[in-house]
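Worksheet: the structure to be examined is printed underneath.
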């Protein structure tokens, strides 16, 4: 018989580019939490909404979509992050729709009573001011040089591109100060899993004590 979890807490895991938040979320998923990736949801929203696609084309060019309406995410990112005006315009078009989808999926997961915690993997929680939606904010913190190297290894991103992206986000040090919990990611993968497990257990204990 499946275990029932009544009123699971809503937790967001955030950080900065290359900090390792998605890896942290993979550990939560391993421990049977529901993990919702905000970036993937934003992409789904764009792919499903023809009206939004047309609005994005007006701002960023028709060629950000192929003939079969597939989004060129790298091209969109290149144009969206070239200056603050275009970054703001992208956020203005996509984020309200993305948040609607996140809320709907969080509520579905909560009412299913299948998960000990519901985790939102999202980089821009503080930037779009939705931190109050969650019972706790977890920030994944890491040294700048390590973050640069991870993104270079993962995406082939240059230091210039990294700095441009990072400049669009609130400094990670500030996010760490605002967090309910901080997970340090400056060591090995096993270190990160251990640090994440410590936070997982604290969140579970907090959930039990709040019943």
- Query: Which of (1) within 23 Å of residue 34 (Cβ to Cβ); (2) assigned to a loop (DSSP other than H, G, I, E, B) does residue 103 not meet, given it meets every other one?
  - Reply: (2)
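Within the stretch 102-111, is there a residue that is surrounded by fewer than 16 Cβ atoms within 10 Å (Cβ to Cβ), over 22 Å from residue 155 (Cα atoms) and within 16 Å of the chain's Cα centre (by Cα)?
Yes.
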- Task: Hey, could you check the stretch 11-30 for residues that are under 11 Å from the mean Cα position of the chain (by Cα) and part of a strand (DSSP E or B) and say which is surrounded by the most Cβ atoms within 10 Å (Cβ to Cβ)?
- Result: 13
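Listed here are the residues, each with its yes/no results for (1) in contact with a strand residue (DSSP E or B) (Cβ under 6 Å, 6 or more places away or on another chain); (2) buried (at least 19 other Cβ atoms within 10 Å of the Cβ).
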| position | (1), (2) |
| --- | --- |
| 120 | yes, yes |
| 129 | no, no |
| 146 | no, no |
| 152 | no, no |
| 156 | no, no |
| 162 | no, yes |
| 167 | no, no |
| 179 | yes, yes |
- Note on the structure: The residue that is nearest to the chain's Cα centre (by Cα), considering only those in the stretch 53-69 that are in a helix (DSSP H, G or I) and farther than 19 Å from residue 81 by Cβ, is 53
- Scan of the stretch 168-202 for residues that are in a helix (DSSP H, G or I) and touching a helix residue (DSSP H, G or I) at 6+ places or on another chain (Cβ under 9 Å), ordered by number: 172, 178, 189, 192, 193, 195, 196, 197, 199, 200
- Which number in (1) at pLDDT below 90; (2) within 27 Å of residue 16 (Cα to Cα) marks the one condition that residue 90 misses? (1)
- Would you point out which residue out of 78, 95, 86 is assigned to a helix (DSSP H, G or I) and closer than 16 Å to residue 44 by Cβ? 95
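Given 30, 67, which one is free of Cβ contacts under 8 Å to residues at least 60 places away in the same chain, under 30 Å from residue 3 (Cβ atoms) and out of contact with any strand residue (DSSP E or B) (no Cβ under 9 Å at 6 or more places or on another chain)? Even if it seems obvious, please write down each step before you answer.
Working: 67 fails: under 30 Å from residue 3 (Cβ atoms).
When all the criteria are applied, what remains is 30.
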- Of all residues in the stretch 31-42, which are part of a helix (DSSP H, G or I) and either touching a helix residue (DSSP H, G or I) at 6+ places or on another chain (Cβ under 7 Å) or within 21 Å of residue 204 (Cα to Cα) (or both)? 38, 41, 42
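The values are calculated or read from the model by the stated rules, or taken from the named source; none is laboratory data. These numbers were taken from a predicted model, which means no experiment stands behind them. Note that each Cβ is placed from the backbone with ideal geometry, even for glycine, and that neighbours are counted across all protein chains shown.
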